[in-house]
Every structure is written in structure tokens, then in C-alpha cells.
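A.B. asks: Got a structure for you, questions after.
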Amino acid sequence: MDIQKIRSEFPILERRLYNRPLIYLDNTATSQTPDSVVKAIVDSYTTTKANVHRGVHTLSQEATELQENARRRVKEWINAASTSEVIFTRGTTEALNLVASSFGGMMLGEGDELILTVMEHHANIVPWQLLRDRIGFTIRVVPVTEDGQLDMDVYRGLFNDRTRLVSVCHASNVLGTVNPVKEMIAYAHSHDVPVVVDGAQAAPHLHIDVRDLDADFYAFSAHKMYGPTGVGVLYGKEKWLEKMPPYQGGGEMIESVSFEKTTFAELPYKFEAGTPDFIGISALSKAIDFMDALGVENIAAHEHELLEYTTRRMTEEIPGMRIFGNAPGKCAIISFLVGNIHHYDMGMLLDKLGIAVRTGHHCAQPLMHALGVEGVVRASFAAYNTLEECEAFIAALKRVTAILEG
Ligand code: PLP
């Protein structure tokens, strides 16, 4: 990959902070957006803004066409069987709330069991707890091993005749671990248990094939994969979506409404109440074009090179370095602490050197608890990061460590 050419598509990377070049290593939280995606948004606002699915007029038809083209693009990209299975949401969080509320509400009863893992983001914990508090089922949790992999023996051992559902992240936003979701799904299916996959951290780095995985649901966010904010996708198998009640009510999701009875629109519109972010949705297809043009495998290979190089140098050259998550084949995410230095102090000083990293609990407090820490510093890489940036990051880490330990 020609990294300099890629970088030229991201004007934000030319910014300087505190008189230094910006080094953006907070890609797990959100990645930056290339010109092609921004241009698609500007083009829509300047040439085709009209509400979708409502008008017979030309602009409305063009806007609808752009949105539905994006749906077809997503369908191909994740290898869904049909566009009926591609629901646009505001992001992974809304997608998981939709599944928990609608599918969970249908599948889980009092005394039943749901399996989650300790490495879940709060977005894949709290919606289930809200439902649990209404219904009264039990949440079982798969722990992680020393190097940050799911304990698969425990996972298999958790299944019993009350197990109704599994929800698991494809990749951890803290440990970087890529979970064996295909194997987990096959095992769950052998017990007739459907599986929800939180793909927020996998979609930017892995080729997603929902049919090969045989996932029942798969959720991800556009903003983490070079796309716009405010847009996400929920893939769901048609056989489930057909049976599920709507999540939200309003315009667009109905077939007919009277005060006596309302009937609902066909899939996927049954789950898309209100005016969607049709401009963001159409721009998502440009983000997919961007990733496709580079090749997801090439992006991942480049990120791995940065990951391995940086991990090795950090471990060898910075005394007291603790890296959380060392699973083989992990995503390009390094969560770490140095000695007794507080993650927040580290992040603040790195920022003053122009380096954007994340600090805190990363919306994964149960995992922090299991790791015995309150928070960590996290550096994460994307297609546009360079080895020179990694060098600068390591040099900055040494400097900051010396200051904070001094
Ligand atoms: N799941 C995981 C694993 C994540 O990393 C995130 C965001 O960091 C989310 C879910 C929530 O994504 P969003 O805030 O885009 O809805």
C-alpha cells in the first residue's frame, strides 16, 4: 500500500498540535474519514437532499436510490443473503439495543440464560441487563485467559437446557483479541442457540462474511471504518427478523395505521422508524469502496506490521511496560500501563506531544475489573499510520515515562 497516497486523502492528518504533527492513534474509538466519504456527504447536501421513500419527486427518488444502493453495497460486502437483512441504525450501540429489546425479548424468559463474555463493550452488556431487569433471566459470563483469549472450555461448559442466546464481540476493543466466533456459533447452533456478534472492532480490520460465520445477527458502526458518524448496520437472518416485533414505532416502518390497528412495513423497513441518516448511509458505501480499493487484507497486514514493531520496541525498551492482550492474530490495538503511572497522566502528556491515544476504562469496566486495573492507555492503528509515527510514539512514551517517573 502507498501510505503517503492514502494519507493525502485524509486532510486531518496534516493538522499540527502544540507545534507538532498530529499522530492519531485513537482509531479504535473512531477512525478518520477520507475525502471521498466527505465529498459524498457534501454532494448529497448540495445536490440531492430530500427525504427518502416519501416523494414521487426526482430529488426524493435520487436520495432513495443512493440509500438503497448503499444497502446493496453493504449486503455484498458482508455477504448477506438479501438486502432485507441489512438494517441501518445509528451505530453498533443502537443495533445491539434493537436486538436485545426485540429478539432478546422474544427469546428470553424468566429463568433462562444468556451467555456474554467478560471482554464485552458496555454496548453489549447494558442493553441485556435492562432486559434482564424486566424479565428475570441470568447472564453467564465467559472469562479470559492470561493472554486475553476467551476460555473456550468454560464457554462450552456454560451451555445447558436454559441457554437461549449468546452475544459476543468479534474483536475486543481493549485486548484486540479476535474471538473464534465461527467456532462459537457452530457450537451454540449445535444446542439450537442463536448468536449475536458485536462486530464494531472487526469490521475495520477483517473481511466479514456473515453467511460463512453463520451469525444470526452482526452489528457494526460506520465511523470506525473510515465512514461517517451516526450510521451503523445490523445484519440479521431473515428468519429471525420476520418473527421479531419492531423496536421503535413511527413513520417509514408501517404499512397502514389506524387507531385500532397498525400493520408493519416489510423488511428491512419494519426496523427503520423515522427519517434515517440517508446522507450518512449513502456515504458509508464510499467508505466500503475505500476499504475495498485498498483490500481489507492489505490494511490488516499493514496494521499488523505496525502492531508487531511497536509492541516489540515498547516491551524491550520501556521498563515496567505491561501490555494487556497478547493473543495470536490480535487486531492492531495495544492497551498498556507503565509501572505505577496513571493512564490519564500518560495520555495527557502524550497529547502535549501531538499524540492522540485513549485512556480510561474503554467502556469495558468488567474487563478492567478482571484485569485488576482501573484503566489503561490504548494506542490503535489504521491504514494511514506509518512506522515513522510508531517511532515518534515510542520516543514520546520514553520521554513521558521519564517525566512521570522522575
Ligand atoms: N462494541 C465495541 C466492541 C466497541 O468497541 C464499540 C465502540 O467503541 C461499540 C460496541 C459501540 O460502538 P458505537 O459507539 O459506534 O455504537
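The values are calculated or read from the model by the stated rules, or taken from the named source; none is laboratory data. Note that this is a predicted model, so its numbers are computed, not measured. Cβ coordinates were reconstructed from backbone atoms using ideal geometry, including for glycine residues, and neighbour counts include every protein chain displayed. Keep in mind that these areas ignore ligands, DNA and RNA; they rest on the heavy atoms of the full protein, side chains included. Shrake-Rupley method; radii C 1.70, N 1.55, O 1.52, S 1.80 Å.
A.B. asks: Of everything in the stretch 246-296, what is open to solvent by 20 Å² or more (accessible area, probe 1.4 Å), of a type in the set (A, V, I, L, M, F, W, C) and touching a Lys or Arg at 6+ places or on another chain (Cβ under 7 Å)? Give them in sequence order.
C.D. replies: Selection gives Phe264 alone.
A.B. asks: Looking only at residues in the stretch 11-37 that are under 24 Å from Gly199 (Cβ atoms) and surrounded by fewer than 21 Cβ atoms within 10 Å (Cβ to Cβ), which one is nearest to the ligand (Cβ to nearest atom)? Before the answer, list the steps.
C.D. replies: To start, the set of residues in the stretch 11-37 that are under 24 Å from Gly199 (Cβ atoms) comprises 24-34, 36-37.
Next, only the ones that are surrounded by fewer than 21 Cβ atoms within 10 Å (Cβ to Cβ) stay: 26, 29-30, 32, 36.
Details: Asp26: 11, Ala29: 6, Thr30: 8, Gln32: 15, Ser36: 21 Å.
The qualifying residue nearest to the ligand (Cβ to nearest atom) is Ala29.
A.B. asks: Just checking, which of Leu306, Leu284, Leu267, Leu294 is among the hydrophobic types (A, V, I, L, M, F, W, C) and touching a Cys at 6+ places or on another chain (Cβ under 9 Å)?
C.D. replies: On the way: Leu284 fails: touching a Cys at 6+ places or on another chain (Cβ under 9 Å); Leu267 fails: touching a Cys at 6+ places or on another chain (Cβ under 9 Å); Leu294 fails: touching a Cys at 6+ places or on another chain (Cβ under 9 Å).
Exactly one residue qualifies, and that residue is Leu306.
A.B. asks: Same structure again: Looking at the stretch 86-114 only, could you name the residues that are surrounded by fewer than 20 Cβ atoms within 10 Å (Cβ to Cβ) and either under 15 Å from the mean Cα position of the chain (by Cα) or within 13 Å of the ligand (Cβ to nearest atom) (or both)?
C.D. replies: Arg90
A.B. asks: Also, quick follow-up: Only one of these is within 16 Å of the ligand (Cβ to nearest atom) and not hydrophobic (A, V, I, L, M, F, W, C): Thr117, Thr83. Name it.
C.D. replies: Numbers: Thr83 fails: within 16 Å of the ligand (Cβ to nearest atom).
Going through Thr117, Thr83 in turn, the sole match is Thr117.
A.B. asks: Looking at Thr64, is it open to solvent by less than 20 Å² (accessible area, probe 1.4 Å), closer than 25 Å to Pro268 by Cα and either of a type in the set (S, T, N, Q) or more than 22 Å from the chain's Cα centre (by Cα) (or both)?
C.D. replies: Values: open to solvent by less than 20 Å² (accessible area, probe 1.4 Å): no; closer than 25 Å to Pro268 by Cα: yes; either of a type in the set (S, T, N, Q) or more than 22 Å from the chain's Cα centre (by Cα) (or both): yes.
No, not satisfied.
A.B. asks: Which pairs have Cβ atoms under 8 Å, sit 6 or more apart or on different chains, and link a residue in the stretch 90-116 that is under 10 Å from Thr138 (Cα atoms) to one that is of a type in the set (Val, Ile, Thr) and within 16 Å of the ligand (Cβ to nearest atom)?
C.D. replies: Leu114/Val166; Ile115/Val141; Ile115/Val142; Ile115/Val166; Ile115/Val168
A.B. asks: Working only within the stretch 126-148, note down all residues that are surrounded by fewer than 21 Cβ atoms within 10 Å (Cβ to Cβ) and either in contact (Cβ under 8 Å) with a residue 40 or more places away in the chain or within 16 Å of the ligand (Cβ to nearest atom) (or both).
C.D. replies: Val126, Gln129, Leu130, Val141, Pro143, Asp147
A.B. asks: Need the failing condition index for Ser335 against (1) in a strand (DSSP E or B); (2) of a type outside the set (Val, Ile, Thr); (3) in contact with a helix residue (DSSP H, G or I) (Cβ under 7 Å, 6 or more places away or on another chain), just the number.
C.D. replies: The one condition Ser335 does not meet is (3).
A.B. asks: Quick test for you: out of Val141, Val154, pick the one residue that is in a helix (DSSP H, G or I) and over 26 Å from Lys270 (Cβ atoms). Quick ask: steps written out before the conclusion?
C.D. replies: Numbers: Val141 fails: in a helix (DSSP H, G or I).
Within the list Val141, Val154, the selection yields Val154.
A.B. asks: Among Gly157, Gly136, Gly104, which is the only one that is among the small types (Gly, Ala, Ser) and in contact with a strand residue (DSSP E or B) (Cβ under 8 Å, 6 or more places away or on another chain)? Quick ask: steps written out before the conclusion?
C.D. replies: On the way: Gly157 fails: in contact with a strand residue (DSSP E or B) (Cβ under 8 Å, 6 or more places away or on another chain); Gly136 fails: in contact with a strand residue (DSSP E or B) (Cβ under 8 Å, 6 or more places away or on another chain).
Every option except Gly104 fails the conditions.
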